[in-house]
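Working notes for the structure below.
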Amino acid sequence: MKFNLVFSLSVVASFAGAFPLGSLGLASWDVEGYAKDNPIGVTTGGKGGETVTVETVTDFNAAVKDDKPRIILVKGNLNFTSRPKIGSNKSIIGVRKTAHITGSGLDIFHVDNVIVQNLKISFIFDNDCITIRNSTRVWIDHNEFASDISKGPDYYDGQVDIIRASDWVTVSWNYFHDHWKSSLVGNDDTLRDVDFGHLHITYHHNYWRNEGTRGPAGRFGHQHVYNNLYADFLYQAIHSRSDNQVLVEGNVFRGNTREALSTYGLVIPDDSPNTCVCGDEELDGFANLGAKNDWGGAGVNITQFGDFVKAPYKFKLTPLFLVSTVVKLGAGIGKI
Ligand SMILES: *[C@@H]1O[C@H](CO)[C@@H](O)[C@H](O)[C@H]1NC(C)=O
Ligand SMILES: *[C@@H]1O[C@H](CO)[C@@H](O)[C@H](O)[C@H]1NC(C)=O
Ligand SMILES: *[C@@H]1O[C@H](CO)[C@@H](O)[C@H](O)[C@H]1NC(C)=O
Ligand SMILES: *[C@@H]1O[C@H](CO)[C@@H](O)[C@H](O)[C@H]1NC(C)=O
């Protein structure tokens, strides 16, 4: 049964253009988690607005900047020299496998209701691939993020960083690879007054391969981390610190990973070697484990359990034995 199902899935995948995982009932292909179920309403992006196709930096910037609902289809390589600011009510969707962003990444600052799908974002200098700051209802889905991990922790910045009281975010089906610092939630332990009680984020069905730290690392918020595949996530994958809470379930770790999950407040030197050689001490975070995880031999250091024991919404949990197959088939660009 097990092997037949995995085999059938692979066969289905090799024939399908748009991947039918959603219809197979194994996982949700639609927005799910905090970007869907939250007090302000489901994230719809540009739904109901005009659809435009952009192929240049100038046209992209013009299409994203106001707050009118708009669906922006992106084609080709866009090499930004400064970071575009995305307005509210936008869906930014790459066309097939053509949309590639380099140079500078995207700022989602002080806005509400944004969807980013099917973009490849790589080799972004001096800042994150995507920064979500003081923004609500954001869905980052089916993108690919990559650079060069051999450059060390501080050459590139984060892949998807979510900061300054942002809330109701889902990060799903992304392929994060060959990069050190992946996803930081809450960027400073002195920002308790700003961040505490916000930063509700769902991470599901992401494929992390050959990464260093922060898959994700959270402060002061709540993150539900389920059904992700971690392959060679080298130093520390999930880190919960400064009274942050994580609910970790149905994830699979493969290859070489020192620590899959830690709530010990120490920010390890592999993560921030620029501060202190011994690492920085912060308060511990909390973690709870829901459905069984497959740690694959990686370390787990839970210093305290919290009260985030169950997701406050319905979601489709992929059975643990299928997570690796389903995530590899479904994550990244060219799948939607
Ligand atoms: C987003 O669009 C909705 C519907 O058109 C509108 O009510 C809302 O004000 C817009 N948001 C912003 C920040 O302009
Ligand atoms: C992007 O533009 C910069 C110069 O502004 C250049 O150095 C770099 O090679 C370009 N990258 C790509 C992928 O075209
Ligand atoms: C956060 O964003 C809102 C708009 O949604 C803005 O009114 C407010 O000034 C921003 N707060 C900060 C601290 O930037
Ligand atoms: C686990 O956490 C404890 C603090 O409770 C710490 O003393 C220990 O060094 C941690 N283990 C690792 C491997 O970091």
#### Entry: Nearest-10 value in Å² for the accessible area of LYS310, using the 1.4 Å probe
150
### Task
With a ≥ b ≥ c taken as the square roots of the eigenvalues of the C-alpha gyration tensor of segment 33-130, please select rounded if a/c is under 1.5 and otherwise prolate if a/b is larger than b/c or oblate if it is not?
prolate
#### Entry: Exposure of HIS100 as accessible area (Å², to 10), given a probe of 1.4 Å and all protein chains
50
### Task
Would you please classify the overall shape of the chain from the alpha carbon gyration tensor, given that a ≥ b ≥ c denote the square roots of the eigenvalues, rounded means a/c under 1.5, and beyond that prolate means a/b larger than b/c while oblate covers the rest?
rounded
### Query
Based on the alpha-carbon gyration tensor of segment 148-305 and its eigenvalue square roots a ≥ b ≥ c, which shape applies: rounded if a/c is under 1.5, prolate if not and a/b is larger than b/c, or oblate?
rounded
### Query
Per residue, how much accessible area does segment 2-330 show when a 1.4 Å probe rolls over the protein heavy atoms, in square angstrom?
38
## Note on the structure
Cβ-Cβ cut-off under 9 Å around LEU229, Lys and Arg +1, Asp and Glu -1: the net charge is +3
### Task
Measure off, as a whole percent, the carbon and sulfur share of the 1.4 Å-probe accessible area of the chain, all protein chains present.
54
### Query
How big is Rg to Rh over segment 136-209, alpha-carbon atoms, Rh as the Kirkwood inverse-mean-distance radius?
1.00
### Query
Given a Förster radius of 22 Å and the C-beta distance between PHE305 and LEU283 as r, what FRET efficiency does 1/(1 + (r/R0)^6) yield to the nearest 0.05?
0.90
### Task
Keeping all protein chains in position, work out how much accessible area LYS85 exposes to a 1.4 Å probe, and write it in Å² to the nearest 10.
110
### Task
Could you size up the charge dipole of segment 2-330 around its Cα centre, putting +1 on the beta carbon of Lys and Arg and -1 on that of Asp and Glu, and report it in debye to the nearest 20?
1200
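The values are calculated or read from the model by the stated rules, or taken from the named source; none is laboratory data. Because the structure is predicted, anything quoted here is derived from the model rather than measured. Using ideal geometry, Cβ is built from the backbone for each residue, glycine included, and neighbour counts are taken over all protein chains shown. For accessibility, only protein heavy atoms count, side chains too; no ligands or nucleic acids. Shrake-Rupley method; radii C 1.70, N 1.55, O 1.52, S 1.80 Å.
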